[in-house]
Every structure is written in structure tokens, then in C-alpha cells.
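The values are calculated or read from the model by the stated rules, or taken from the named source; none is laboratory data. Not measured: the values here are computed from a predicted model. Glycine gets a Cβ as well: all are built from the backbone with ideal geometry, and neighbour counts include every protein chain shown.
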Amino acid sequence: MGDHRELIVDIDISAARLESASVELDELLEATGWIDRSITVTDWLYPNHVALALGQTVRSPFSRPERDSLVILAARGVYGVGDGTTDPACPSCGSLLSTDIADTILAAWWDGDERVAPCADCGLRAHVGEWNLLDSVAIGELAVAVATDTPEVADALAEHLAATTGRRWVRTHLHL
């Protein structure tokens, strides 16, 4: 089965705002009960980061083991690269981008140009960040890694972050 992380990536924040956005994110998660600083947890995958226990907001609707944690990653990265990573999937029909097109579009995204990706099957054209990236990768400056066996926790957190910050947060899955 292997280990994994549910990743939620802010694809709108700029490098210039990264430090303040990271602090604001930490404060938001604490104020809204997503984290609980009174419980000590660790995450072996991110040993140089502070791992935070999931808080009452998560404990109420979701049953979760006490070992679940959340780590804020404040660094530009390609989030989600791991075992089983695929190309972005069309949000309309589910078809994957061809590897050649995906490689070009993702390389441009890394360089700061989030391009429009065309679906060869249904004709949809949308920025790559609007595609289904759950089994693919997302590129951003700020991310949250959630160690949980309940992916619905990450889905709920992604919705919460989008609603409260007004920015685009996308989900991806890291399978090790």
C-alpha cells in the first residue's frame, strides 16, 4: 500500500507574498480549528518542518487516527511527484493530456506561465491549474501536506481554503 500525503497547493500566491501568506495560513488554520497545537505530532517525510495535529474541525466530522498531521510547505515546488503520477486529466471528460503536451505545459508552468491546456477528446480549453491534478502534479509556492488515510479531510480543507482566502487551491496526491 505504501505511504502517501494529500497535498493542497495554492496556485495563486506569488513568491513575493509567500512569507506573509504562510504566516496568514498558519493563523487561519489555528483560528478555524483545523490544527491543534496542544498535541505533538511528527511527519517523517518533512523532518525540517513543524508537523501540526489536526484540530477539532477535523475531529468532529471525520474519524481519524491521532497520528494524522498537517505540514505547511512554504517553498516553490512541483507537488505530487511520486509512484503512479500521471498527466493532468480533463475536468470535463477525464481524458489525460498527452505526455508531450503535458511536459511542455508543466515546464512552462514551472517557469511561471500557467498555460491553457487543450483536451483532444472533448475540446475543452482551460488553464492547467483548472484541470484535475489529483493524480498529477501542481506547481506552486505554498502547499499543505496532510498525512491522513481519509482523503475527504483534504478535500474539505481545500474547499475551506479556497472559500476563506479567495485563491485557487488544487488537490494532488503523493503516493510513495
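For this structure, a couple of remarks:
- Which listed residue is within 16 Å of the chain's Cα centre (by Cα), farther than 23 Å from residue 159 by Cβ and free of Cβ contacts under 8 Å to residues at least 60 places away in the same chain, from 44, 110: 110
- Apart from one condition, residue 63 fits all of (1) exposed (fewer than 15 other Cβ atoms within 10 Å of the Cβ); (2) in a strand (DSSP E or B); the exception is (2).
- Condition check for residue 163: under 25 Å from residue 60 (Cβ atoms), surrounded by fewer than 14 Cβ atoms within 10 Å (Cβ to Cβ), over 13 Å from the mean Cα position of the chain (by Cα) and without any contact (Cβ under 8 Å) to a residue 12 or more places away in the chain: yes
- Any hit, segment 109-127, residues being in a helix (DSSP H, G or I) and either β-branched (Val, Ile, Thr) or surrounded by 15 or more Cβ atoms within 10 Å (Cβ to Cβ) (or both): yes
- Looking across segment 94-106, the residues that are closer than 22 Å to residue 171 by Cβ and surrounded by fewer than 14 Cβ atoms within 10 Å (Cβ to Cβ) come down to 94, 99, 103.
- Residue match in segment 72-84 (condition: among the hydrophobic types (A, V, I, L, M, F, W, C) and at pLDDT below 90): yes
- Qualifying residue in segment 23-32 (condition: over 21 Å from residue 135 (Cα atoms) and not in a helix (DSSP H, G or I)): yes
- One residue from 102, 108, 117, 126 being farther than 30 Å from residue 68 by Cβ and touching a helix residue (DSSP H, G or I) at 6+ places or on another chain (Cβ under 7 Å): 117
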